[in-house]
Ligand code: FES
């Protein structure tokens, strides 16, 4: 590349037989190897857009991550009804309205769970979701078993695993009794990764009352 | 110059598209690639367009709201003229698309078409496959019914097993703490904007590379791919023994695409739309959730895993599978293309296909799931109770009322989780039965706490009668010896264990 040529003004020779050569010179001057004002300005333009992009990405990521919140933000105590509705020695299906809802949730915020009452003040509240992959387990009072329709997981009356693919017993909700109402601390789909994991599955001997929220 | 020509020229002068189109249409392809084996890619693309068109039409009515989605689907099915048909075409188009994409991939694999210089075409193809499956899954969620709800629940539980960030991923997937309105909005966005946008873009890239690199030549044993010489060899082949892509090869693509579309329409007409099933109300638990066809095999695999393998398998297997697919063209980018000289590849493909077929087949009748209503619905065959003693009858009642039937067949009815019990007495002695009933084991829960000793006796008495008339029940050799006065050797060939 000839530095003299580079200093030529291409506009001068934009017509005539030398136009081709001049265009070549111009494109050489604008080639990526050349250091010129245009290239500097282009880089400045890229940098500006990059900066604005980053500045925009921060609010966008914040917006996208909005649902990722602490368990406490979603959970709260909800009532399952009077304790008298649950006969001693039986396991009953109960429904509650999940505390964290939107008006367009439809029926999806009606969440079922099983309440087992072992004694007058002894309750265990099981999640409906199979500990394997979350299908709704069904309670069979005659054989005192929970059976899962999906992959054949079975649990005993106390929620402990009886057979099938689940690696653990049913999830339980922390519960308390206030003013004759049975309340549970609920709000999330119980899975292996949220608070449900910390809940001890009560073996018949050492029942509930655990500080399940660690 | 005719009027048409003038109009054409007016546009052409501005669009300048004739050159590139002519080049694409008339570029030469090796003669024997104009084969019926090479039609699946174009059929997959045709189906993609069909899905886009029917999807847009459905979106005119569908309401992506957890409260109303299910109802809007029912309106589509029952109130809007031919709404059911569009839903059916979209659903069957989806099934066909998944199938054709898989067949296309198998064919490309078998023909060694992923080898140099088409590695990237394969890589992009793997992502197209994943996106297609993503469409199928998110589409299943948009059909917001019970299966969608609990199927997504399974997805949530799988996500939750990711170490450390599982909980956060679940929140991101659901848009909140539970499957609800925010979840459906998310999946609508995925199904309607994000995945199809990416799919169309990558499909364009995929097709661009096919045009630029040429259609893979028919594999011949002995025609080995070398990085240094392949391109020259291919160009020579396409030049010496080539035909223009249109019409030589393209007419088969057209005919096959048309046939596939016709098949989709016929299936849609005859078999109708899929669902929506029951209302998406989690408090209705009388449901047996089942995923759509493309995911049945996963459903089966998940039910066969032993508990200890569950989490590692669920987390590692998908990554390993995808990594394996992506690695294919880089592990074997040179060498033989012909299946006659690639036994490992043929074996691998056959294994995968057979495994897939077996698991999908199992997923269709789910032998591992208890039949929730068998105990109250399927009667004990009368022939088993003729001449039965009261104790045996009592045992039969206990057999039914304790839901044994949910997992055990008798007379061809009942669950298949455990073995059928029609000839259980030939396989187990009464003592063994008692032990098994009380303590369980394997896939059998222990019933010791739920059955009183008299109930167990009655149940075993009933089970003891379950043997073919011409085959004696199993007996404990030692016991028999004692009962028959001691000292007698056990009968040879008896069913004692
Ligand atoms: S979800 Fe219950 S066994 Fe798999």
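Could you tell me how many of the residues in the range A:143-160 are more than 10 Å from the ligand (Cβ to nearest atom) and under 26 Å from the mean Cα position of the chain (by Cα)? Even if it seems obvious, please write down each step before you answer.
Within the range A:143-160, the first condition is being more than 10 Å from the ligand (Cβ to nearest atom), and the residues that meet it are A:143-145, A:156-160.
So of that shortlist, the ones also under 26 Å from the mean Cα position of the chain (by Cα) come out as A:159.
Qualifying residue count for the region: 1.
When you look at residue A:68, is it assigned to a strand (DSSP E or B), within 8 Å of another protein chain (Cβ to nearest Cβ) and under 19 Å from the mean Cα position of the chain (by Cα), yes or no? So residue A:68 fails the test. Among the criteria (1) farther than 25 Å from residue B:316 by Cα; (2) free of Cβ contacts under 8 Å to residues at least 40 places away in the same chain; (3) within 16 Å of the ligand (Cβ to nearest atom), the one residue B:182 does not fulfil is (3).
The condition of being within 30 Å of residue B:62 (Cα to Cα), in a helix (DSSP H, G or I) and without any contact (Cβ under 8 Å) to a residue 60 or more places away in the chain does not hold for residue B:192. Do we have residue A:149 as within 7 Å of chain B (Cβ to nearest Cβ), touching a helix residue (DSSP H, G or I) at 6+ places or on another chain (Cβ under 7 Å), surrounded by 18 or more Cβ atoms within 10 Å (Cβ to Cβ) and part of a loop (DSSP other than H, G, I, E, B) here? Against the criterion (within 7 Å of chain B (Cβ to nearest Cβ), touching a helix residue (DSSP H, G or I) at 6+ places or on another chain (Cβ under 7 Å), surrounded by 18 or more Cβ atoms within 10 Å (Cβ to Cβ) and part of a loop (DSSP other than H, G, I, E, B)), residue A:149 does not qualify. Among the residues of the range A:107-123, those identified as facing chain B (nearest Cβ under 8 Å) and either outside any strand (DSSP E or B) or within 16 Å of the ligand (Cβ to nearest atom) (or both) are A:107, A:108, A:109, A:112. Within the group B:194, B:179, which residue is facing chain A (nearest Cβ under 8 Å) and either at pLDDT 95 or above or farther than 30 Å from residue B:41 by Cα (or both)? Result of the check over B:194, B:179: B:179. When A:102, A:97 are checked against the criterion of being at the interface with chain B (Cβ under 7 Å from one of its Cβ atoms) and either more than 16 Å from the ligand (Cβ to nearest atom) or under 26 Å from residue B:407 (Cα atoms) (or both), a single residue qualifies: A:102. The number of residues in the range B:417-437 that are within 14 Å of chain A (Cβ to nearest Cβ) and surrounded by fewer than 18 Cβ atoms within 10 Å (Cβ to Cβ) comes to 1.
Scanning the range B:289-333 for residues that are within 28 Å of residue A:162 (Cβ to Cβ) and in a loop (DSSP other than H, G, I, E, B) yields B:289, B:290, B:291, B:305, B:306. The set of residues from the range A:72-94 being more than 8 Å from chain B (Cβ to nearest Cβ) and assigned to a helix (DSSP H, G or I) comprises A:72, A:73, A:83, A:84, A:85.
What number of residues within the range B:345-387 satisfy the criterion of being closer than 26 Å to residue B:294 by Cα and in a helix (DSSP H, G or I)?
Taking the range B:345-387 and keeping what is closer than 26 Å to residue B:294 by Cα, we get B:345-372.
Narrowing the set further to residues that are in a helix (DSSP H, G or I) leaves B:345-365.
Number satisfying all stated conditions: 21.
Just so you know, in the range B:59-92 the residues that are more than 12 Å from residue B:143 (Cβ to Cβ) and within 14 Å of chain A (Cβ to nearest Cβ) include one that is surrounded by the most Cβ atoms within 10 Å (Cβ to Cβ), and it is B:66. Out of B:308, B:283, B:300, one residue alone is within 14 Å of the chain's Cα centre (by Cα) and either within 14 Å of chain A (Cβ to nearest Cβ) or farther than 30 Å from residue B:65 by Cα (or both). It is B:300.
If the condition is being facing another protein chain (nearest Cβ under 7 Å) and free of Cβ contacts under 8 Å to residues at least 12 places away in the same chain, then the range B:134-176 contributes B:157, B:160, B:166, B:167, B:168, B:171, B:172, B:175, B:176. In this structure, residue B:401 does satisfy being surrounded by fewer than 17 Cβ atoms within 10 Å (Cβ to Cβ), within 14 Å of chain A (Cβ to nearest Cβ) and touching a helix residue (DSSP H, G or I) at 6+ places or on another chain (Cβ under 8 Å). Scanning the range B:438-470 for residues being within 12 Å of chain A (Cβ to nearest Cβ), touching a helix residue (DSSP H, G or I) at 6+ places or on another chain (Cβ under 6 Å) and in a helix (DSSP H, G or I) gives a total of 2. Checked against the criterion of being modelled with pLDDT of 90 or more, closer than 22 Å to residue A:82 by Cα, away from the ligand (no atom under 15 Å from the Cβ) and not in a helix (DSSP H, G or I), the range A:124-137 contains one or more residues that satisfy it. When residue B:115 is tested against the conditions (1) under 25 Å from residue B:196 (Cβ atoms); (2) not in a helix (DSSP H, G or I), the lone failure is (1).
Residue selection: residue A:179 fails the criterion of being out of contact with any helix residue (DSSP H, G or I) (no Cβ under 7 Å at 6 or more places or on another chain), more than 7 Å from every other protein chain (Cβ to nearest Cβ) and under 28 Å from residue B:418 (Cα atoms).
If only one of B:120, B:164, B:169 is more than 16 Å from the ligand (Cβ to nearest atom), outside any helix (DSSP H, G or I) and more than 23 Å from the chain's Cα centre (by Cα), which one is it? Only one candidate passes the filter, namely B:164.
Against the list (1) facing chain B (nearest Cβ under 8 Å); (2) within 16 Å of the ligand (Cβ to nearest atom); (3) within 22 Å of residue B:157 (Cβ to Cβ); (4) touching a strand residue (DSSP E or B) at 6+ places or on another chain (Cβ under 8 Å), the condition residue A:140 fails is (3).
The values are calculated or read from the model by the stated rules, or taken from the named source; none is laboratory data. As the structure is a computational prediction, the values presented were derived from the model and not from experiment. Because the Cβ atoms are built from the backbone with ideal geometry, glycine has one as well, and the counts that use them run over all protein chains shown.
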